[in-house]
Amino acid sequence: MADETEARKGRPTPSRREAEAARKKQMKTPMTRKEQAKRDRSAREQIRVKQREALKTGDERYLPLREQGPVRRFTRDYVDRRRNFAEYLLPFLVVLLVLFTVSSGFSDQVQTALTAFAYPFLILGTVLDEVVMVRGLKKELRARFGADEIKGTTSYAVLRSTQLRRFRLPKPQVARGETLGTSYR
């Protein structure tokens with residue numbers, strides 16, 4: 001008597017002939033170069049679709065290699081949980097461009113004042129904020145993962161911090177101001 005608790009597969013077992021035919025069909029190489037190229041293109045497209053979805057959802061299994069790993073995930077979370085001066089740099093520059101366009105009708109003194117104060121303020125603010133962020137990030141990475149694991153994280157964090165939060169990929173998984181978890185391994 002069969003055990004009723006066993007899960008059933010819901011289909012009949014294929015005959016030996018059917019199984020061998022299916023295996024041969026799967027192993028059969030394409031007849032032409034075009035068919036091989038088409039098959040390869042299709043496989044690459046499937047991988048790209050999975051990676052795009054993973055960038056939106058944060059699914060670690062299908063992320064591109066440069067985004068994988070606990071150190072990269074921690075770096076992303078560290079950058080995403082804080083407000084970065086650099087992420088507002090592009091909107092500030094657009095506002096300055098509009099101000100320069102509008103002030104061209106007033107005088108050269110207004111443009112000089114904008115240039116003398118606005119640009120140094122933006123550059124200095126960005127540099128100081130990035131230095132503070134990188135120092136804190138390196139300190140946290142050394143404490144959590146060890147000194148040998150932090151290679152490449154500085155440029156990764158700086159590039160991520162310069163993007164507007166809305167346009168970052170992989171999408172941010174933590175809210176602003178949220179404390180970071182302890183399990184990143």
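A few points about this structure:
- Modelled FRET efficiency - R0 41 Å, residue 173 with residue 111, Cβ distances, 0.05 increments: 0.40
- For the chain, the fraction of 1.4 Å probe accessible surface lying on carbon and sulfur atoms is 59 percent.
- GNM top mover of 42, 161, 15 - the chain, alpha-carbon springs below 10 Å: 15
- Calculated Kirkwood radius over Cα pairs in Å (choose from (i) 17.5; (ii) 21.7; (iii) 18.3), label: (ii)
- Of the chymotrypsin sites (Phe, Trp or Tyr not before Pro) found in the range 44-147, those in coil by DSSP whose Cβ has at most 11 other Cβ atoms within 10 Å are 106.
- The range 57-145 - convex hull of the alpha-carbon atoms, volume per residue in Å³: 114
- For the range 114-185, the solvent-accessible area works out to 65 Å² per residue, with a probe of 1.4 Å and every protein chain left in place.
- Relative to the longest principal axis of the Cα atoms of the chain, the long axis of helix 89-103 lies at roughly 40 degrees.
The values are calculated or read from the model by the stated rules, or taken from the named source; none is laboratory data. Fair warning: this is a prediction, and the values are worked out from it, not measured in the lab. Methodologically, a virtual Cβ is constructed for each residue, glycine included, from the backbone with ideal geometry; neighbour enumeration extends over all protein chains shown. Each accessible area value is taken on the protein alone, full model and side chains, heavy atoms only, with ligands, DNA and RNA left out. Shrake-Rupley method; radii C 1.70, N 1.55, O 1.52, S 1.80 Å.
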